[in-house]
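No lab work stands behind these numbers, since they all come straight from the coordinates. This one's a predicted model, so the numbers in the text were calculated from it and none came from an experiment. Because the Cβ atoms are built from the backbone with ideal geometry, glycine has one as well, and the counts that use them run over all protein chains shown.
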Amino acid sequence: MARIFSGIQPTGIATLGNYLGALRNWVALQDGADECIYCLVDLHAITTFQEPASLREQTYGMAALVLACGIDPERSILFHQSAVSAHARLGWIFNCVARMGWLKRMTQFKDKAGKNQEEVSTGLFMYPNLMAADIHAYHATKVPVGDDQLQHIELANDIGEKFNHDFGVEFFPRIEPLIVKETARVMSLRDGTKKMSKSDPSDQSRINMTDDADTISQKIRKAKTDTEALPDNLAALAQRPEARNLLGIFAAVSGESQEAILARFAGGGFGPFKNALAEALVAHVAPIGARAKEYLADKAELDRILQKGAAKAAAIAQPITAEAERIVGFLPSAG
């Protein structure tokens with residue numbers, strides 16, 4: 001049995017992109033034979049400043065949404081990262097194993113920091129080392145990721161291999177990225193060349209998983225398209241990113257193939273297509289948002305679920321991290 005690890009930042013409201021690219025895959029993976037460990041990565045969240053009260057509320061909100069999407073805490077382990085000290089402890093060891101040049105090549109740091117690299121937190125620069133620790137603390141060998149995260153998995157493997165080489169051990173296993181190509185990238189409703197993001201300044205650029213039916217319909221009506229009619233084949237959408245994005249979303253939430261959807265709407269404008277897409281999205285997304293509100297109404301139960309998950313996670317990560325510390329040369333700790 002392999003072990004799967006994945007995490008999601010609890011900041012912001014999860015979008016349709018987070019759901020189709022990650023959360024729905026998490027639910028499907030827990031039905032397989034592998035052990036699934038899912039984490040709300042609040043340590044990663046503070047690489048940029050977070051208001052404490054807001055971070056707490058958003059962590060509860062993300063926990064509620066993950067559960068509403070179908071994660072079963074009896075079949076999967078769900079917890080918040082800061083509750084398991086092994087992440088930070090192994091993360092520091094990896095800070096000392098990874099090389100500066102490796103981190104400087106990370107494209108996501110360059111994208112997030114932009115021209116302000118001297119002003120961002122050191123945590124934003126080093127967080128790929130913590131991401132590697134998140135995975136290696138469990139000896140996880142499978143990680144579901146979007147294609148934009150592949151570089152981080154490569155780095156995690158480099159760190160594990162260097163640790164093994166430096167200390168003459170075969171301790172950390174190689175990690176295999178799991179990418180679902182069909183829904184790996186859901187793009188902005190305002191710009192089909194940009195990934196849908198919960199941090200985009202425009203709320204009109206995304207479908208939030210907590211949006212109600214009216215809001216979903218309104219956002220789809222206003223979603224950017226072009227003036228051409230819908231074609232009867234996928235190849236004709238190659239240079240039409242907005243149309244291609246909406247078609248991909250439609251197929252993902254309806255279960256229909258993209259070819260079948262095009263056959264139904266070929267030759268027409270986007271009006272009927274958008275109406276049908278909005279109906280499909282409302283049917284799929286609105287019930288999840290409603291369930292999330294029910295979970296969020298009982299924070300004591302959310303605490304119970306997360307703390308139970310953290311205890312299960314620590315039972316796996318603590319011995320692995322303690323052994324890594326022994327290999328490095330640390331004396332045994334009290335806990």
Order these by the 10 Å Cβ neighbour count, fewest first: THR193, THR210, THR141. THR193, THR141, THR210
Cα→Cβ-extended label distance, 7 Å offset, between THR141 and VAL169, nm: 1.8
Quick one: length gained pulling GLN307 to SER121 fully straight, 0.36 nm per residue minus the C-alpha distance? 64.1 nm
What number, in percent, do you get for the relative contact order of the chain if the mean sequence gap of Cα pairs under 8 Å and at least 6 apart is divided by its residue count? 23
Table column - 3J(HN,Hα) (Hz), region 85-99, Karplus curve with 6.51, -1.76, 1.60, x for Gly and Pro: 5, 4, 4, 5, 5, 5, x, 5, 4, 5, 4, 8, 9, 5, 9
Per 0.36 nm of contour for each residue apart, how much would the distance between ASP232 and ARG185 grow if the chain were fully extended, relative to their Cα-Cα spacing? 14.6 nm
If you average the sequence gap of Cα pairs under 8 Å that are 6 or more apart and divide by the length of region 203-294, what percent do you get for the contact order? 42
Which of the trypsin sites (Lys or Arg not before Pro) found in region 46-94 are in a DSSP loop and have at most 16 neighbouring Cβ atoms, other than their own, within 10 Å? ARG75
Candidate lysines - alpha carbon under 28 Å from LYS195, same-chain residues fewer than 8 apart omitted: LYS104, LYS110, LYS112, LYS115, LYS142, LYS181, LYS219, LYS222, LYS224, LYS274, LYS293
Percent antiparallel among DSSP beta bridges confined to the chain, nearest 5, equals 10
Name the GluC sites (Glu not before Pro) in region 1-105 that are in a loop by DSSP and that have at most 14 other C-beta atoms within 10 Å, would you? GLU74
First select every other residue whose beta carbon is under 14 angstrom from the beta carbon of ALA223; then total the charges, Lys and Arg +1, Asp and Glu -1. +4
Average Cα contact separation per residue, region 1-145, under 8 Å, 6 or more apart, as relative contact order %: 38
For region 279-293, Karplus-derived ³J(HN,Hα) couplings (6.51, -1.76, 1.60; θ = phi - 60°; whole Hz; x for glycine and proline) come out as 4, 5, 5, 4, 4, 8, 8, 4, x, 5, x, 5, 5, 4, 5
For the residues CYS96, CYS39, CYS69, what sequence is obtained by ranking on other C-beta atoms within 10 Å, fewest first? CYS96, CYS69, CYS39
Please report the net charge: other residues with Cβ closer than 12 Å to the Cβ of GLY160, K and R +1, D and E -1. -3
